[in-house]
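Visitor: Take a look at this one; I'll ask things after.
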Amino acid sequence: MRLRKRKNEYGCEINIAPLIDVVFLLIIFFLTVSHITQLQVEPLSLPEAEEGQKPQAQGYSRIIVNVRKDGRILALGKNHSIDSLQQMLINEKGRSDRDGVSILLRGDRATNWTKISEIMQMCTNNGISRISVAVTEPGKSGPRQQE
């Protein structure tokens, strides 16, 4: 009489198709978010500053306002006049949570300062007091922000 050896076979398989779907969606999400954030930052030649501090804008809705050297204002991927920028900031302030809105003002070093001053005055007139100005350190190419 012959005895057969039986292998214990278990019917456990791992289905990785849902895992692949989730990873694919995460990749698409991060690519989209990185593209949107790059749309808000214009390639500008920022002014230099020797001293400054990084803003503590945690919990605030941050809006990046770019001012080109020809005076054009870009915010949230659109061109704005002072009036349309004011209306957009009022709408964003109304939409934001109780924490409020924080503005990162990026102006080209060749921009007329009166345009930057006008935007800062418009922000404070509308109750937006958290305004940061992006600058670079002398001799370095990386931007930093100064409040």
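The values are calculated or read from the model by the stated rules, or taken from the named source; none is laboratory data. If you're wondering where the values come from, they're calculated on a predicted model, not measured in any experiment. For neighbour counting, all protein chains shown are included, and Cβ atoms are generated from backbone atoms with ideal geometry for every residue, glycine included.
Visitor: If the requirement is being modelled with pLDDT of 80 or more, among the hydroxyl-bearing types (Ser, Thr, Tyr) and on the phi < 0 side of the Ramachandran plot, which of these qualifies: Thr124, Thr136?
Guide: Unique residue meeting the criteria: Thr124.
Visitor: Kindly indicate whether any position in region 62-85 is free of Cβ contacts under 8 Å to residues at least 60 places away in the same chain, farther than 19 Å from Leu44 by Cβ, buried (at least 19 other Cβ atoms within 10 Å of the Cβ) and in contact with a strand residue (DSSP E or B) (Cβ under 9 Å, 6 or more places away or on another chain).
Guide: Checked region 62-85: no residue is free of Cβ contacts under 8 Å to residues at least 60 places away in the same chain, farther than 19 Å from Leu44 by Cβ, buried (at least 19 other Cβ atoms within 10 Å of the Cβ) and in contact with a strand residue (DSSP E or B) (Cβ under 9 Å, 6 or more places away or on another chain).
Visitor: Within region 2-9, is there a residue that is of a type in the set (Asp, Glu), at pLDDT below 85 and under 21 Å from Ala110 (Cα atoms)?
Guide: no
Visitor: So for region 60-74 (the condition being closer than 20 Å to Glu118 by Cβ, modelled with pLDDT of 80 or more, not charged (D, E, K, R) and not in a strand (DSSP E or B)), does at least one residue qualify?
Guide: Within region 60-74, one or more residues are closer than 20 Å to Glu118 by Cβ, modelled with pLDDT of 80 or more, not charged (D, E, K, R) and not in a strand (DSSP E or B).
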